[in-house]
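Asker: Following this message is one structure expressed as structure tokens.
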Amino acid sequence: MDAVRTRGDCGSAHGNYSAFASRCKIVFVPDAPAWARRGCPSSMTSRDGCRRAYQTNVPSQGAVYAYDAQDRLASRTVTSGATTTTTLYIHDLDNHVIAETDAAGVTLREYIWLNDIPIAVIDGADTATPTMYSVHTDHLGRPARMVAQNWASVWDVIYSPFGGVAAIFDSTTKLDMRFPGQWFQMESGLAYNWHRHYDASLGRYVQPDPMGLSSLQTDGPNPFDYVGGNPLARIDPKGQFAIPAIPVLIPIVAGAAAYYSGKLIITAWESRARGKVDPVQDVQPINPGKDCNGKCNPCPPNIYWEAEGDAHGSTGGKHRHGIEWHQAPDCTCYPKRVSHQD
């Protein structure tokens, strides 16, 4: 076990690394002004056999996390003084968190999604007076603001470039969503990115890429790196490999963003490509690996977008470009650019 010390927005931190180069314990030593300003925890985080955060110890407060068979966050049990509270997380078939319940199964909060974009939160869903908030996202699909039904702001956040919370305004409620695919665990100071944990104060993961060497194609040579150091243009919804972040404004075709379990409709800043510049550039081969049965995980969905002009047999003034994926026996998915009539 090796000890490494680092410094981030929340103060200094040191941790022990296992033979797998994953942090087993993290101890935060907050700078008092930064801690008070950002709500950063002072804690020790321990990891389970799968290298996931499972227990934290914060002064007067601790938490225990549990995960399901698909490595998704399943529960969070927080002890504050003499009070212990358990929250269970319910996921849909696309692996979005759609509800939080207490240990008795009473729904505390529901999340409404449009494809992979959060659009609403409902508090007190099982009560006679539920409260609904609209969620406004940035170009990455990350929540940036929530407003009540009277359009009053109830949660407004400013992020640092690598996703740290620089400031929260109008904080009358909370939201634990961060970068797409990430769920913030306040007690540990980390965000769970499905297959590993992300430390926004450092702009890196605390476990290496589970995809192994295939991540070199999308994330660069550092297995702890987040989206190749380009968090303003790329996202990593599964904690496995980076994909281009397509600005979400106007749906154009029934396509999907380039990660193999999502259904995000591809859009561009305009509803079609500008000139001969496609909205999706520099797409590289991806190896999604194998599942627990040894079968190749599927390739990203094919994506298509609209372009101006008569081409490729089109006579209606528009045609379509796209990217279609083809999988090799070793599971590697190779992208092929295609063109079609409108």
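The values are calculated or read from the model by the stated rules, or taken from the named source; none is laboratory data. Please read these numbers as outputs of a predicted model, since none were measured by experiment. Methodologically, a virtual Cβ is constructed for each residue, glycine included, from the backbone with ideal geometry; neighbour enumeration extends over all protein chains shown.
Asker: In segment 97-112, how many residues are crowded, with 17+ Cβ neighbours inside 10 Å and at pLDDT below 95?
Answerer: 0
Asker: Would you call G141 in contact with a Phe, Trp or Tyr (Cβ under 8 Å, 6 or more places away or on another chain) and either assigned to a loop (DSSP other than H, G, I, E, B) or on the phi < 0 side of the Ramachandran plot (or both)?
Answerer: No: the conditions fail for G141.
Asker: Yes or no: segment 125-145 includes at least one residue that is surrounded by 17 or more Cβ atoms within 10 Å (Cβ to Cβ) and among the charged types (D, E, K, R).
Answerer: There is at least one residue in segment 125-145 that is surrounded by 17 or more Cβ atoms within 10 Å (Cβ to Cβ) and among the charged types (D, E, K, R).
Asker: Among the residues of segment 272-298, write down those that are modelled with pLDDT of 70 or more, basic (K, R) and farther than 25 Å from G228 by Cβ.
Answerer: K295
Asker: Same structure again: Given the criteria out of contact with any Phe, Trp or Tyr (no Cβ under 8 Å at 6 or more places or on another chain), surrounded by 15 or more Cβ atoms within 10 Å (Cβ to Cβ) and in contact (Cβ under 8 Å) with a residue 12 or more places away in the chain, does N115 qualify?
Answerer: For N115, the condition - out of contact with any Phe, Trp or Tyr (no Cβ under 8 Å at 6 or more places or on another chain), surrounded by 15 or more Cβ atoms within 10 Å (Cβ to Cβ) and in contact (Cβ under 8 Å) with a residue 12 or more places away in the chain - is met.
Asker: Filter segment 115-157 for residues that are β-branched (V, I, T) and in contact with a strand residue (DSSP E or B) (Cβ under 8 Å, 6 or more places away or on another chain) and give the result.
Answerer: I117, I119, V121, I122, T131, V135, T137, V147, V154, V157
Asker: Let me ask something else. Name the residues in segment 221-235 that are part of a loop (DSSP other than H, G, I, E, B) and either over 18 Å from I286 (Cβ atoms) or in contact with a strand residue (DSSP E or B) (Cβ under 9 Å, 6 or more places away or on another chain) (or both), would you?
Answerer: Within segment 221-235, N222, P223, F224, Y226, P231, L232, A233 meet the criteria.
Asker: Give the residue that is modelled with the lowest pLDDT, with candidates limited to residues of segment 199-213 that are closer than 20 Å to I286 by Cβ and surrounded by 21 or more Cβ atoms within 10 Å (Cβ to Cβ).
Answerer: Step by step, filter segment 199-213, then rank; the result is M211.
Asker: Every residue in segment 155-209 that is part of a loop (DSSP other than H, G, I, E, B) and among the charged types (D, E, K, R), please.
Answerer: The answer is D170, K174, D176, R178, E187, R196, D209.
Asker: Take segment 299-322 and flag every residue that is of a type in the set (S, T, Y) and at pLDDT below 65.
Answerer: Passing the criteria: only S314.
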